[in-house]
Amino acid sequence: MKFLKPLLDKCVMCGACMSACSKAWAKKDDPEMSRISVKNVTGLPDIRVCDQCGGCIAVCPTMALQRDKNGVVQIDRQKCTSCLICVGFCPSASMFFHADTDSPFKCVACGICVKACPEGALSVVEQKKEG
Amino acid sequence: MEQMKLLAEWKYTPAKVHRGYARQYLSVDLGKKDGVFTCETHPVSDEMIEKFTGGRGFGLRILWDKVTPSSKWNDAENAIIISGGPVCGITQYPGTGKTYSVFLSPLTDQTYNSNAGGYFGPFLKASGFDAFSVSGKAERDVVIYIDGDEGAVRVYEWAPENRNSYFVTEALHDHFSENEDDKRNISVVSSGEAAEHSWWGAMNFSFYDPRRRVARLKQAGRGGGGTVLRDKKIIALVVKKRDFSGKENDPADLASLQKIGAKLHLEIRQNDDTQSLMRKVGTAHLNLVMNDYDLLPVNNFKFGRSEDIHNIDPDAYEKLFTQGYADGCWYGCSMACAKAVDGYEIATGPDKGKKVTVDGPEYETAASLGSNVGIFDPLWTIETNYYADHYALDTISLGTGLAFVCECYELGLINKEHTNGLELKFGAKDDLLELIHRMMDGKDEFAAAVGKGIRKMKEIFSEKYGADRSVMERIGMEGQGLEVSQYRCQESVAQWGGYFLTLKGPQHDEAWVIFMDMVNKQLPTFEDKAEALFYFPNFRLWFSLAGICKLPWNDVEPSDNRIRYRGIEAAKVPEHVQNYLDIYTAVTGKPLSKEEMILQSERVYNYERVFNLRMGKGTREWHNIPDRALGPVFPDEWNVRADYFDGRLREAGIAPEGLPVEEKIVKLLEYRRKEWEKLVDAVYKRRGWNANGVPTLETLKRLGIDFPEVVEVVKPHQ
């Protein structure tokens, strides 16, 4: 399973990841449209990004959330009805929404932010299935 | 599948929904068994929106023009009007797919409104209609199909081999879909064969469950809407709308809807496991709580608890319901209370041996087709729940009605000769189930009599079987002709009104004030009780105008609700009330205060009251309450809580010492009858009605519903 792994101690909260992500996926430089969220909470980074746990899959009423062949949870926008249950039920608060987009959005471990991060705080890693 | 024959077709241009309204409604008339079908679209005016808001308000307004004061439920002009409301069909907030059906009821001979989940209401609106009225009577069985993508309304003749609901619903989801994925774009309203004979006929609203790959049923069960549907020879109403995105309402402020909805989703995730267990057990979690407070109806409401409760408690049902599925009856409902039993093997009747998915049981069914007939076996309840839905019998009226039959049988008012061989004692699983099967085709005279409801049963049992009418009047749990739903209200004076001072009869959707009255003692005076019986019925009526489910209002609460607010204010769940005001504004673009919200409801509440007056009801004499709802009727009921009832006598200023139990019962009931009359006076006054229960002209003027036709109805009663 592929997922984005952040290293908190390397993050300097510069926002380069959010900028790169939103530009790539929403065609707009806007942290509110980014699939990764980095906030400064009392001087420390609070990083919210999907770890592909799949907790959202079962709560979706239309089965719009499914894993792809890499184990990454993908949203089928044809099936999604923008109900946002997945947002409220995401254990890591890393399913996002914005009124300008039809569906919620999340990290799909594409790696664009990894290249943009000046500190090497992000990496896409592969976790093998056990057994 | 049997061939469907196209009888009529009309094309229309689907109106684009803007800020919650399509601003037109559809009216189909099936003629007078003469094959003359008509289809019209009518505009929804600004005034209609202002005065009636939507949903049930629109239904009542449309029905008023369809019928006359002499119309009966089985007259061709009676209409079923299905409408969601302005909020209906958003997906971002839990519980926003509700639809209300308004019609003249066979049980009560006045207006009824019954709500259901499922996808019909949202798809109807997205197809360009705020409401759908169907009137007239076809000569042969028909299906009315609305294709919201194509802009077409069609009437088909269809004579299926099986007219029961699961069969009809599955067949129509198959017929009108192109493939498996397409099935979710369809919603069917159907009834069943029992509804062709019984007045308890339910309407089943479907939605397609993609995980189970079956069509699920949600009931507008109460009041006999299914009976009206079949009387019109309608097998089903079907709507299809593809590619639902969640933005069909074209809301004024989507960002606010998203924010408020996501917050409640999170609240449900965090609090449900410790508050209500709705996601695991649905409303059946209530069984144990009701038992703990002597509110669970046992043996026709005689008793309030049982030693066998653990057979039907939340743990028992949690094991039977499939866990972990997205069990909302509309997109976005994270409360997910539409639980189901999967792979259940039917044990009796025509479907014996078939493995099925059974919707529910919900609390009302778990109690009505359970404790109230003296049965504490969830598998029996699941079996009867399946057949009640399939044959289309309202499980609440069915259970309360069967409980009445059992008590009549045990009292010797009816016997095996009358029941055609059935021994209908409390707990008689096999014979009660057999009676339900006999109710399906209506050929058995006794079963047909039972299916007419308690009010009619009292008449038939006394006239045909010589049963003592006065005893039946005391124990028959009905008001205005409608069977009581599944809460014992004896010990809460306010809940007497919550049930029996209602518009349509004793149904729990107006007010459930037992805890604040009986347990928390927050309504000490009649004025306090009247205030609660003003606020809650009006507040809850608002859900029926907007197209919202009651459950996410107070079956989950913010964690700090009872810290921030006390007493009755906490019971109102102010943060959630604010959510409703905010989502209404976010959809319609119109600001709404909590006072204006009550005003919107009050208009429709009083309009409905006047409507019932117009139909020859709607005065004080129709607000009847049976003795069993006020207190114990027989010594065994008294003796099971003798000390408690002695205490109530003392509170009433009557010394119980030395009195035989029979006399204690008489005295307590005499006292409580007087209390009832005081309650009625206080409630009527608070509602702005005269002592006869008729809205005053001042009230109608204040509400802005003093239309000439309304004034004309109330004037002789001022």
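Structure summary
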{"item": "Per-residue mean of C-beta atoms belonging to partner chains within 10 Å, peptide B:255-266", "result": "5"}
{"item": "Solution diffusion estimate, µm²/s, Stokes-Einstein, segment A:2-126, Kirkwood Rh from C-alpha pairs, 4 °C, viscosity 1.567 mPa s", "result": "88 µm²/s"}
{"item": "Over segment B:11-132, equivalent-ellipsoid semi-axes from the Cα gyration tensor in Å", "result": "24, 17, 13"}
{"item": "Size of electric dipole in chain B: Cβ of Lys, Arg +1 and of Asp, Glu -1, about Cα centre, debye, nearest 20", "result": "1440 debye"}
{"item": "From the C-alpha gyration tensor of segment B:341-464, square roots of 5λ in Å", "result": "24, 14, 13"}
{"item": "Value of D in µm² per second that Stokes-Einstein yields for chain B, Kirkwood Rh from Cα pairs, at 37 °C (0.692 mPa s)", "result": "129 µm²/s"}
{"item": "Residue among B:MET278, B:GLY658, B:MET472 farthest towards the positive dipole end of chain B, charges placed on Cβ", "result": "B:MET278"}
{"item": "Whole-number percent relative contact order across chain B, with pairs defined as alpha carbons under 8 Å at least 6 apart", "result": "14 percent"}
{"item": "Among B:HIS717, B:PRO558, B:TRP622 the positive-end extreme of the charge dipole of the protein assembly as shown (Cβ point charges)", "result": "B:PRO558"}
{"item": "Total formal charge among the other residues, if their Cβ is under 9 angstrom from that of B:GLY688, Lys/Arg +1 and Asp/Glu -1", "result": "+2"}
{"item": "Cleavage-rule hits, trypsin sites (Lys or Arg not before Pro), segment B:500-584, DSSP coil, Cβ neighbours within 10 Å at most 13", "result": "B:LYS521, B:ARG566"}
{"item": "Sites B:GLN3 and B:ASP273, calculated FRET efficiency, Cβ-Cβ separation with R0 60 Å, nearest 0.05", "result": "0.75"}
{"item": "Helix-only mean residue ellipticity at 222 nm for chain B, each DSSP H run of n ≥ 4 adding -39500 (n - 2.57), per residue, nearest 500", "result": "-12000 deg cm²/dmol"}
{"item": "Calculated FRET value between B:LYS667 and B:ASP292, using beta carbons and R₀ = 41 Å, to 0.05", "result": "0.90"}
{"item": "Isotropically averaged projected area of the protein assembly as shown, using the convex hull of Cα atoms (one quarter of hull area), nm²", "result": "36.9 nm²"}
{"item": "Listed residues A:GLY43, A:VAL108, A:ILE85: farthest to the positive end of the dipole of segment A:2-126 (Cβ charges)", "result": "A:VAL108"}
{"item": "Computed Rg/Rh of segment B:154-309, alpha carbon atoms with Kirkwood Rh", "result": "1.06"}
{"item": "Between segment B:36-68 and segment B:402-454, the Cα center-to-center distance that results, in Å", "result": "41 Å"}
{"item": "Aspartates and glutamates whose Cα lies under 16 Å from that of A:LYS69, excluding same-chain neighbours fewer than 8 positions away", "result": "A:ASP51, A:GLU126"}
{"item": "Ascending count of other beta-carbon atoms within 10 Å, so fewest first, for B:LYS302, B:LYS98", "result": "B:LYS302, B:LYS98"}
{"item": "Tail weight of P(r) past 18 Å, computed on alpha-carbon pairs of segment B:368-430, percent", "result": "34 percent"}
{"item": "Selection of trypsin sites (Lys or Arg not before Pro), segment A:59-105, meeting DSSP coil and at most 11 other Cβ within 10 Å", "result": "A:LYS69"}
{"item": "Paired Rg and Dmax values of segment B:440-530, which use every Cα atom, in angstrom", "result": "16.5, 51"}
{"item": "Dipole magnitude of segment B:328-429, debye to nearest 20 (Cβ charges: Lys/Arg +1, Asp/Glu -1, about Cα centre)", "result": "180 debye"}
{"item": "222 nm mean residue ellipticity, helices alone, for chain A (DSSP H n ≥ 4; -39,500 (n - 2.57); rounded to 500)", "result": "-4000 deg cm²/dmol"}
{"item": "For a label point 7 Å along the Cα-to-beta-carbon line of B:PHE707, residues of segment B:64-104 with backbone N under 13 Å", "result": "B:64-67"}
{"item": "Hull shadow area, averaged, segment B:89-247 [alpha-carbon convex hull, nm²]", "result": "9.1 nm²"}
{"item": "Sequence-distant residues sharing a close amide H with B:GLY89 (under 5 Å, placed H)", "result": "B:GLY97, B:LYS98"}
{"item": "Distance violations [Cα-Cα > 30 Å] among B:LYS247/B:LYS339; B:LYS16/B:LYS280; B:LYS66/B:LYS464; A:LYS10/B:LYS263", "result": "B:LYS16/B:LYS280; B:LYS66/B:LYS464; A:LYS10/B:LYS263"}
{"item": "Segments B:613-620, B:447-454 sorted - mean Cβ within 10 Å per residue, highest first", "result": "B:447-454, B:613-620"}
{"item": "Cα extents of segment A:2-57 along the three principal axes, largest first (Å)", "result": "34, 26, 17"}
{"item": "Around B:MET597: net Lys/Arg minus Asp/Glu count, Cβ-Cβ under 13 Å", "result": "+1"}
{"item": "Label-point separation, A:ALA58 to B:HIS717 (7 Å along Cα→Cβ), nm", "result": "5.3 nm"}
{"item": "Qualifying GluC sites (Glu not before Pro) for segment B:365-455 [loop in DSSP, other Cβ within 10 Å: at most 16]", "result": "B:GLU417, B:GLU423"}
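FYI, it's all coordinate maths here, none of it is from the lab. All values reported here derive from a predicted model rather than from experimental measurement. Please note: Cβ atoms are built from the backbone with ideal geometry, for glycine as well, and neighbour counts cover all protein chains shown.
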